[in-house]
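So the structure is just underneath, and the comments pick up after that.
The values are calculated or read from the model by the stated rules, or taken from the named source; none is laboratory data. Keep in mind that what you see is a predicted model, and the values were worked out from it rather than measured. Because the Cβ atoms are built from the backbone with ideal geometry, glycine has one as well, and the counts that use them run over all protein chains shown.
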Amino acid sequence: MRISFERTGGFANIPLRAEIDSAQLPHERAQELEKLIERARPFDQQTQSQGAPPVADDFQYDVTINDAGQTETIGTTDAAASDDLKLLFDFLGEEALQKLKQR
Amino acid sequence: MCKELSHGICYIIPPHVHENIARNGNDKQKERAYQALNVSAHMRGQREILNTFAMLATTPTGVKRRTIYNAQNGLTLPGKLVRGEGDKKSSDTAVNEAYDGSGKTYDFYFKVFNRNSIDDRGLRLDSSVHYRRNFNNAFWNGQQMVYGDGDGQIFQRFTKSLDVIGHELTHGVTQYEAGLVYQDQPGALNEHFSDVFGSLVKQYAKNQKAKQADWLIGEGIFGPNIQGVALRSMKNPGTAYNDPVLGKDPQPAHMSKFVNTTADFGGVHINSGIPNKAFYELAIALGGSAWEKAGLIWYRTLVDKVQPNTQFAECAAMTSEVAGTLYGVGSAEQKAVKAAWAVVGITVGTTAVAAAAGGRR
Ligand SMILES: [Zn+2]
């Protein structure tokens, strides 16, 4: 599974962009990611509250997940995302940050 | 029909009229309206009117109410109550910073603009600290301020900088007054007003003149190894940081460098550099302390003029109009306002600049 993760906005607006390949992750991290995706169901529209009032300095997410030849894209914000989706974003953000620091 | 009460208000006036005055009238009108509401409600024994009255009865002007919560690294807001107004210091630095910072922000708005909290009716200032884990952000969620601890490497805790707290609280003021949409140019103006008053809160607390101030936003929240002084510079947008990991501060200082993007809600934290620079230029041109004249012009513009979809060029025209009202049409102050906007490529009185630069209408 390949994930393209982008997080922009927030008070600091330091863009965080990374390609995350679950095959390259340590086994435990890859399992955790799978669990988080299962729980967050990122492509189920029900997990995002439609018309959530915009929040100043909110994070904006643009994420594409490519799994077994299927590609799906999600664009949302922290304010609109469910708690499970926020936890998935935090995981991906952590991975992206590690990659950024290694640059 | 109309029974005069001692304060000269007929209690037969429908309660909603008093409510309206209580909400929107000047101080004297408000006081009378409260009395009338109270008396008429008592006389008629209407519980819901009394309730309305209790709701409208604002905290006495100048009395701040702060509540600090600990989100305990979780997602639930506000979290556990840890410090209320007047409570003794906590052993938790972030709690005390949120408490002191929101207090200084309240004092700034009250003493400089006679504004009684975010809603000008004494709204309680709620803040949550320790939100999520290693969370590199602070935000205003429509009801309260929320602060992350930072990851410790790129960012430290977001309560560390007073201008961050002033910035977040000002998002609340903007929500109640102008309701600027958080997207594209109106969103960048929303960010701009938060940076302006965030910086002024800090300058006021330090009792600085405009030319002494650093005009930085988020100074001191970067981790120790990041090459940068702050997140934004109002004095020199685009120069706050230049780091091998984070990249370079992307803010433009002129309309010719306006950034069209879908990221960051249409670049709200990027293009805010343009009006930020104009405000800095004005504050320097007028001299003295920035909150006295430049800050007052901007405050009245935000409260009296700005609309949800106001664009840069329209905002510039509004500030000029306000300067004319406050200091006289053709006054040195009004001329300085126009000159400040000209520095960033915005000519007061035309909207062509915004359109040419791709500002959506
Ligand atoms: Zn902001």
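What's the total number of residues in the stretch B:259-286 that are in contact (Cβ under 8 Å) with a residue 24 or more places away in the chain, of a type in the set (A, V, I, L, M, F, W, C) and assigned to a loop (DSSP other than H, G, I, E, B)?
2
Being touching a helix residue (DSSP H, G or I) at 6+ places or on another chain (Cβ under 8 Å) and either surrounded by 20 or more Cβ atoms within 10 Å (Cβ to Cβ) or acidic (Asp, Glu) (or both) is true for just one of A:Asp90, A:Asp84, A:Asp67. Which residue is that? Exactly one residue qualifies, and that residue is A:Asp84. Of all residues in the stretch B:143-189, those satisfying the criterion of being outside any helix (DSSP H, G or I) and either closer than 24 Å to B:Ile274 by Cα or not assigned by TED's automatic domain parsing to the domain that holds B:Asn73 (or both) are B:Ser161, B:Ala178, B:Gly179, B:Leu180, B:Val181, B:Tyr182, B:Gln183.
Any residue at all in the stretch B:81-97 that is within 16 Å of the ligand (Cβ to nearest atom) and of a type in the set (Gly, Ala, Ser)? No, the stretch B:81-97 contains no residue that is within 16 Å of the ligand (Cβ to nearest atom) and of a type in the set (Gly, Ala, Ser). Among residues of the stretch B:187-202 being in contact (Cβ under 8 Å) with a residue 40 or more places away in the chain and within 11 Å of chain A (Cβ to nearest Cβ), the one that is nearest to the ligand (Cβ to nearest atom) is B:Glu191. Looking only at the stretch B:156-171, residues that are within 9 Å of another protein chain (Cβ to nearest Cβ) and away from the ligand (no atom under 11 Å from the Cβ) come to 1 in all.
Of all the listed residues (B:Ser320, B:Ser289, B:Ser256), the sole one being away from the ligand (no atom under 16 Å from the Cβ), over 28 Å from B:Asn225 (Cα atoms), part of a helix (DSSP H, G or I) and touching a residue at least 60 places away in the same chain (Cβ under 8 Å) is B:Ser256.
Just to verify a result, which residue in the stretch B:172-182, among those that are within 13 Å of the ligand (Cβ to nearest atom) and either over 16 Å from B:Asp126 (Cβ atoms) or at the interface with another protein chain (Cβ under 10 Å from one of its Cβ atoms) (or both), is surrounded by the most Cβ atoms within 10 Å (Cβ to Cβ)?
Quick first cut of the stretch B:172-182, residues within 13 Å of the ligand (Cβ to nearest atom) only: B:172-175, B:180, B:182.
So of that shortlist, the ones also either over 16 Å from B:Asp126 (Cβ atoms) or at the interface with another protein chain (Cβ under 10 Å from one of its Cβ atoms) (or both) come out as B:172, B:174-175, B:180, B:182.
Working: B:Gly172: 23, B:Thr174: 24, B:Gln175: 19, B:Leu180: 28, B:Tyr182: 24.
The qualifying residue surrounded by the most Cβ atoms within 10 Å (Cβ to Cβ) is B:Leu180.
Restrict the check to the stretch B:223-243 and report whether at least one residue is under 25 Å from B:Ser128 (Cβ atoms) and away from the ligand (no atom under 15 Å from the Cβ).
In the first step, residues of the stretch B:223-243 are kept if they are under 25 Å from B:Ser128 (Cβ atoms); the result is B:223, B:230-232.
Narrowing further to those that are away from the ligand (no atom under 15 Å from the Cβ): B:223.
Yes, the stretch B:223-243 contains at least one residue that is under 25 Å from B:Ser128 (Cβ atoms) and away from the ligand (no atom under 15 Å from the Cβ).
Residues in the stretch B:70-124 that are crowded, with 19+ Cβ neighbours inside 10 Å, over 15 Å from B:Thr170 (Cα atoms) and touching a strand residue (DSSP E or B) at 6+ places or on another chain (Cβ under 7 Å): B:Asn70, B:Ala71, B:Pro78, B:Gly79, B:Val82, B:Arg83, B:Ala94, B:Val95, B:Tyr99.
From the list A:Arg29, A:Arg2, which one is away from the ligand (no atom under 16 Å from the Cβ) and either within 10 Å of the chain's Cα centre (by Cα) or more than 22 Å from B:Asn136 (Cα to Cα) (or both)? Before the answer, list the steps.
On the way: A:Arg29 fails: either within 10 Å of the chain's Cα centre (by Cα) or more than 22 Å from B:Asn136 (Cα to Cα) (or both).
After applying the criteria, what remains is A:Arg2.
Only residues that are modelled with pLDDT of 80 or more and out of contact with any strand residue (DSSP E or B) (no Cβ under 9 Å at 6 or more places or on another chain): list them for the stretch A:40-76, please. Show your work before the answer.
Here is the first cut: in the stretch A:40-76, the ones modelled with pLDDT of 80 or more are A:40-42, A:54-76.
Correct list: A:Arg41, A:Ala68, A:Gly69, A:Gln70.
May I ask you to verify whether B:Ile270 is among the β-branched types (Val, Ile, Thr), within 15 Å of the ligand (Cβ to nearest atom) and at negative phi? It is true that B:Ile270 is among the β-branched types (Val, Ile, Thr), within 15 Å of the ligand (Cβ to nearest atom) and at negative phi.
When A:Thr73 is tested against (1) β-branched (Val, Ile, Thr); (2) within 14 Å of another protein chain (Cβ to nearest Cβ); (3) surrounded by 13 or more Cβ atoms within 10 Å (Cβ to Cβ), exactly one condition is not met: (3).
Does the stretch B:209-234 hold any residues that are within 14 Å of chain A (Cβ to nearest Cβ) and free of Cβ contacts under 8 Å to residues at least 12 places away in the same chain, and which are they? Selection gives B:Pro224 alone.
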